[in-house]
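The values are calculated or read from the model by the stated rules, or taken from the named source; none is laboratory data. Fair warning: this is a prediction, and the values are worked out from it, not measured in the lab. All Cβ positions, glycine included, derive from the backbone under ideal geometry; neighbour counts span all protein chains shown. Ligands, DNA and RNA are excluded from the accessible area calculation, which covers all protein heavy atoms including side chains. Shrake-Rupley method; radii C 1.70, N 1.55, O 1.52, S 1.80 Å.
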Amino acid sequence: MTIFGIPIFPEQASTFAKDVDALYFFIFAVSAFFAVVVAIGVIYFGIRYHKTHDSEIGARIEGSLPLELLWSVIPTIIAMVMFGWGASVYYHLRRPPAEAMHIYAVGKQWMWKFQHLEGQREINELHVPAGRPIKITISSEDVLHSLYFPAFRTKMDAIPGRYTELWFEAQTPGEYHIFCTEYCGTNHSGMIGTVTVLEPAQYQAWLQGGAAEGTLAQRGAGLFNDLACSTCHLDTGQGRGPSLKDIVGKMVELQDGSTVLADEAYLRESIVNSQAKIVKGFQPLMPTFQGLVSEENLVALIEHVKSMSPNATTAAAPATGAAAATPKPAAAAAEKK
Ligand code: CUA
């Protein structure tokens, strides 16, 4: 966006960029208006009522109820408009649509690593299709980072040991900045990248260009065997660990009688901090994998577990199952409509 030919804002390249900007400019305009009113008032009163000779004494003013009501009620209304408007934009920004395409991001000193469910991996680059909601699940391998897409008007912190998420729907094909906006050490300012928004057909072509090592879920399946998870977590439920079949999106009963939703956060915790939540009827036999599995491999394992729940109702899981099983027909169908 330019004002008088001067570029002051990044492009509005996502569906909600206009909403964010409108709110921003509204708050900016209200602040500017009152700043000007107060400044003019200060100058005017300073001149109009300044002391002209030494014996002058100011008049005693007891106050004015109508005036006080006025300057309480009007700012309250303005603040509530900002609050209501802000909350509505915020809800929209923080709730990825159920049909969103899923991508994983891992922050690391000093780079952004992205993983597509189809298997593609990128560093400081991200390719996404235009006109489709994209959900990015974010984690960090070391310290706090923050994934920021200025042209999409959205950002979210990358927090070690936790999954956070953001979403956007890019509208205009092109290349846009990726920034890290949380100071994370010496090369924080160099932790930048490029997001390339492609036409859906181009994106499909780009997807076909790589993925020699299989989908993310397939890579997870390999790890599941390599780490010997498969020796205890038998599908039959007769193993030393609980069966992982069809658990995603469901409530899991725990030893202490409580229940927990089997989502990504629960799966992650159960791998890195295996003693935290013991499933009812099982012994705390599983070793911890803290420090033994990288964040990238963790998401591969989680995608593998999610692929065992093809009918899961959580936002991301159905897309996962479908993408893992039949990436090309699904892609072709998406292209046709
Ligand atoms: Cu990563 Cu700043």
If you go through the stretch 124-163, how many residues are in contact (Cβ under 8 Å) with a residue 40 or more places away in the chain, away from the ligand (no atom under 12 Å from the Cβ), open to solvent by 10 Å² or more (accessible area, probe 1.4 Å) and within 23 Å of Arg268 (Cα to Cα)? 4
Within the stretch 210-219, is there a residue that is more than 29 Å from Asp142 (Cβ to Cβ) and in contact (Cβ under 8 Å) with a residue 12 or more places away in the chain? no
Looking at the stretch 1-20, which of its residues are charged (D, E, K, R) and either in a strand (DSSP E or B) or surrounded by fewer than 15 Cβ atoms within 10 Å (Cβ to Cβ) (or both)? Lys18
Restricting to the stretch 164-191, name every residue that is more than 9 Å from the ligand (Cβ to nearest atom) and among the aliphatic types (A, V, I, L, M). Leu166, Ala170, Ile178
Inter-residue pairs, beta-carbon under 7 Å, first at positive phi and in the stretch 167-193, second more than 16 Å from the ligand (Cβ to nearest atom) and open to solvent by less than 40 Å² (accessible area, probe 1.4 Å), 6+ apart: Gly174/Ala13; Gly174/Val197
When only residues in the stretch 302-315 that are in a loop (DSSP other than H, G, I, E, B) and among the polar types (S, T, N, Q) count, which is least open to solvent (accessible area, probe 1.4 Å)? Ser309
Farther than 15 Å from Gly131 by Cβ, in a loop (DSSP other than H, G, I, E, B) and either open to solvent by 20 Å² or more (accessible area, probe 1.4 Å) or within 16 Å of the ligand (Cβ to nearest atom) (or both): is that true of Arg219 in this structure? no
For Thr236, state whether it is within 21 Å of Glu122 (Cα to Cα), at pLDDT below 95 and more than 16 Å from the ligand (Cβ to nearest atom). no
Which residues, taken from the stretch 248-301, are over 27 Å from Gly107 (Cα atoms), out of contact with any Phe, Trp or Tyr (no Cβ under 6 Å at 6 or more places or on another chain), open to solvent by less than 70 Å² (accessible area, probe 1.4 Å) and hydrophobic (A, V, I, L, M, F, W, C)? Val252, Leu254, Ile278, Val279, Phe282, Met286
Determine which single condition Val106 fails, assuming it passes every other condition in (1) surrounded by fewer than 19 Cβ atoms within 10 Å (Cβ to Cβ); (2) within 12 Å of the ligand (Cβ to nearest atom); (3) not in a loop (DSSP other than H, G, I, E, B). (1)
Determine the pairs where a residue that is more than 14 Å from Ala151 (Cβ to Cβ), located within the stretch 15-32, has a partner that is open to solvent by 30 Å² or more (accessible area, probe 1.4 Å) and of a type in the set (Ser, Thr, Tyr) with Cβ atoms under 7 Å apart, the partner being 6 or more residues away or on another chain. none
